[in-house]
1. Can you list the residues, at least 5 places off or on another chain, whose amide H is less than 5 Å from the amide H of residue 60, using H built in the peptide plane?
2. Taking θ = phi - 60°, what integer Hz values does the Karplus form 6.51 cos²θ - 1.76 cosθ + 1.60 yield along the range 57-72, in sequence order, with x for Gly and Pro?
3. Report the charge-dipole magnitude of the range 28-106 in Debye, nearest 20, computed about the Cα centre from +1 at each Lys and Arg Cβ and -1 at each Asp and Glu Cβ.
4. Extension gain residue 36-residue 93, at 0.36 nm per residue separation less the Cα-Cα distance, in nm?
5. For residue 48, enumerate residues with amide H under 5 Å from its amide H, sequence gap 5+ or separate chain, H modeled in the peptide plane.
Amino acid sequence: MKLMMKKQTAKKQSKTKQKRFHERIFESDSTYFLKLVVVVLLGTLWLKFSHPVSWLGFRVGAFPLGVLIGFLIVRAFEHHQDDRKIWYAVLLIVGVISFFVPAGIII
């Protein structure tokens, strides 16, 4: 009787592991694209100053507000390390490129 119970629980556990594995691997294309759009939009958000501000002896002309918020969001909501690395790279590349583009909030 105990052997049968162990087999049944083992089958249930293996089914739930398989289900988790498939849920982890397969993400719909629309979800992935939405994440990509959000990360790109966050990367383009810069807080730019009309006159450079002096802070701790450094002259600061802009602050990457969206990149910092994006890092926090990716860290909080993305559970897979490989995907996190991709989103971090996209954030950095878009952030650096958008620094030279007249995009952002000017104060």
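1. Here the answer is 53, 54, 55, since their amide H atoms fall under 5 Å of that of residue 60.
2. Karplus-based 3J(HN,Hα) across the range 57-72 equals x, 9, 8, 10, x, 7, 10, x, 4, x, 5, 5, 5, x, 4, 5 Hz.
3. Using Cβ point charges on Lys, Arg, Asp and Glu, the range 28-106 gives about 280 debye.
4. Result: 19.2 nm gained on full extension.
5. 63, 105, 106, 107
We did not get these values from a lab; they are worked out from the coordinates using the rules stated. Source: prediction; values computed, not measured. Positions of Cβ are generated from backbone atoms using ideal geometry, with glycine treated the same way; all protein chains shown enter the neighbour counts.
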